[in-house]
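A.B. asks: The structure under discussion is supplied below as structure tokens; questions concerning it will follow.
The values are calculated or read from the model by the stated rules, or taken from the named source; none is laboratory data. Here the structure is a predicted model, which is why all the values come from computation and not from measurement. We place every Cβ from the backbone using ideal geometry, glycine too, and count neighbours over all the protein chains shown.
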Amino acid sequence: MAKKEKAEEYGLPSLALVFGYMAVKELQRIEDRVRVLSRLGYGNAEIATICDTSPAVVRTYKSSLKKNRRSRRGQ
């Protein structure tokens, strides 16, 4: 089992992650990256990998994006 984990750790990135990197390569702010990747259907773990942060940070940004959308609808 340990050999299999090491092989996956140093293997090529999945095609989905590569597409995610390409989708946000021009975006500077992490908020924008999280917004785009979540709209594309990426999960918190994948977004965290692409943005080089933790899933908890991604969850926080997604929550704040949701709150901003709700406040705009009320206006």
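A.B. asks: Which ranges mark the helices (runs of 4 or more DSSP H) fully within the range 24-75 that have 2 or more residues being closer than 21 Å to S14 by Cβ and touching a Pro at 6+ places or on another chain (Cβ under 6 Å)?
C.D. replies: On the way: elements: 30-39, 44-51, 55-73.
So the answer is 44-51.
A.B. asks: What pairs can you find where one residue is in the range 5-33 and at pLDDT 95 or above and basic (K, R), the other is in a helix (DSSP H, G or I) and surrounded by 12 or more Cβ atoms within 10 Å (Cβ to Cβ), and their Cβ atoms are less than 7 Å apart, with a gap of 6+ or different chains?
C.D. replies: Every condition considered, the pairs that remain are R33/V24; R33/C51.
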